[in-house]
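Contents: one structure, followed by commentary.
The values are calculated or read from the model by the stated rules, or taken from the named source; none is laboratory data. All values reported here derive from a predicted model rather than from experimental measurement. As a convention, Cβ positions derive from the backbone with ideal geometry for all residues, glycine included, and neighbour counts pool all protein chains shown.
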Amino acid sequence: MSLLTVTALSKSFGERRLLSIDTLALDSGQSYVLTGENGSGKSTLLRILAGLEAPDRGCGRYGERPFDWHPYPGWLRRQIIYVHQHPYLFHTSVAENIAYGLRARGVDRGERERLVAAAIAWARLAHLLGTPPQKLSGGERQRVALARAWVLAPQVLLLDEPTANLDAESRLQTIDLLRGFVAAQTTAVIACHDRDVIELPDMQRLQVVDRQIRLAPEPRCG
Ligand SMILES: Nc1ncnc2c1ncn2[C@@H]1O[C@H](COP(=O)(O)OP(=O)(O)OP(=O)(O)O)[C@@H](O)[C@H]1O
């Protein structure tokens, strides 16, 4: 069943029409990889879905509830988490960064500590708890950002190039965490060019082509 649907969505920057999407329907609990050439509009689409940017026109439905971007509804912001390619971390501590969204949602301290501890274990961050966030490597920052998303148990998770610019080991650790999201109940959309992410099991492939979203062809053997 479709959880998040957008229809008749278009977005231009200046004279350039970037996206012109008739319908995009994301099923509940399904993971999608979103590919497309550089500059085709993948990040822009994720930012629109997350309410960080408004389309020129378009309407949406979340479950049975219609929405648009004028304004993008607060209740929907609670369902959808966007993780930037270069996540911003507050200059507090790793644990505080992970706890941030829980605190904003009014989760009480005991429950917050329990959930943060689970997220730290999930993302294998225990050895980094004493490291100031600004001193973390790109891969470690990405894992903190994924833990910060995971701890909120989002209905929809939008990830922008989560494995880009990571060294080999960090990339594998991040892919391992992505596997967890793909297997869970989360509806995930991962924009990326990374073949190992594209080929994760149970992943549906979407592609931005000529401003539209299409189902991407299966890779050929050999
Ligand atoms: N705020 C903006 N103002 C003007 N142009 C923009 C803006 N944001 C994005 N663009 C342009 O829109 C196009 C699509 O950008 P976007 O980042 O969505 O592409 P992408 O498919 O994610 O690319 P990549 O694979 O390189 O990350 C690019 O040409 C970009 O320069």
Completion exercise
Of (1) assigned to a strand (DSSP E or B); (2) among the polar types (S, T, N, Q); (3) away from the ligand (no atom under 12 Å from the Cβ), residue 92 fails just (1)
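Within segment 129-222, considering only strands (runs of 3 or more DSSP E) that don't extend past its boundaries, which have at least 2 residues that are among the polar types (S, T, N, Q)? Walk me through it before giving the result.
On the way: elements: 156-160, 187-191, 203-209, 212-215.
Those strands (runs of 3 or more DSSP E) span 203-209.
Give me the residue from segment 151-207 that is within 16 Å of the ligand (Cβ to nearest atom) and exposed (fewer than 14 other Cβ atoms within 10 Å of the Cβ) and, out of that set, modelled with the highest pLDDT. Walk me through how you get there before you give the answer.
Going residue by residue through segment 151-207, those that are within 16 Å of the ligand (Cβ to nearest atom) are 158-166, 189-195, 197-198, 205-207.
After this cut, where a residue has to be exposed (fewer than 14 other Cβ atoms within 10 Å of the Cβ) as well, the list is 165, 195.
On the way: 165: 85, 195: 93.
Residue satisfying both the conditions and the ranking: 195.
Determine if segment 56-70 includes at least one residue that is assigned to a loop (DSSP other than H, G, I, E, B) and within 16 Å of the ligand (Cβ to nearest atom). Before the answer, list the steps.
In the first step, residues of segment 56-70 are kept if they are assigned to a loop (DSSP other than H, G, I, E, B); the result is 56, 63-64, 68-70.
Adding the requirement that they be within 16 Å of the ligand (Cβ to nearest atom) leaves 56, 69.
Yes, because at least one residue in segment 56-70 is assigned to a loop (DSSP other than H, G, I, E, B) and within 16 Å of the ligand (Cβ to nearest atom).
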Exercise for the section: Collect the residues in segment 14-31 that are outside any strand (DSSP E or B) and away from the ligand (no atom under 14 Å from the Cβ), keeping them in residue-number order. Expected result: 28, 29, 30
Completion exercise
Per the list (1) over 23 Å from residue 210 (Cα atoms); (2) away from the ligand (no atom under 11 Å from the Cβ), residue check on residue 85 breaks on (2)
Practice task
Could you list all residues from segment 37-54 that are in a helix (DSSP H, G or I) and more than 6 Å from the ligand (Cβ to nearest atom)?
Solution key: 45, 46, 47, 48, 49
Practice task
Would you confirm whether any residue within segment 116-138 is surrounded by 21 or more Cβ atoms within 10 Å (Cβ to Cβ) and within 16 Å of the ligand (Cβ to nearest atom)?
Solution key: no
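Test residue 126 against the stated conditions and say whether it is over 17 Å from the mean Cα position of the chain (by Cα) and touching a residue at least 24 places away in the same chain (Cβ under 8 Å).
no
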Handout entry: Given (1) over 22 Å from residue 166 (Cβ atoms); (2) not in a helix (DSSP H, G or I), index of the condition residue 81 fails
Key = (1)
Handout entry: Leading residue by the ranking (nearest to the ligand (Cβ to nearest atom)) among those in segment 1-13 that are surrounded by fewer than 19 Cβ atoms within 10 Å (Cβ to Cβ) and at pLDDT 95 or above
Key = 13
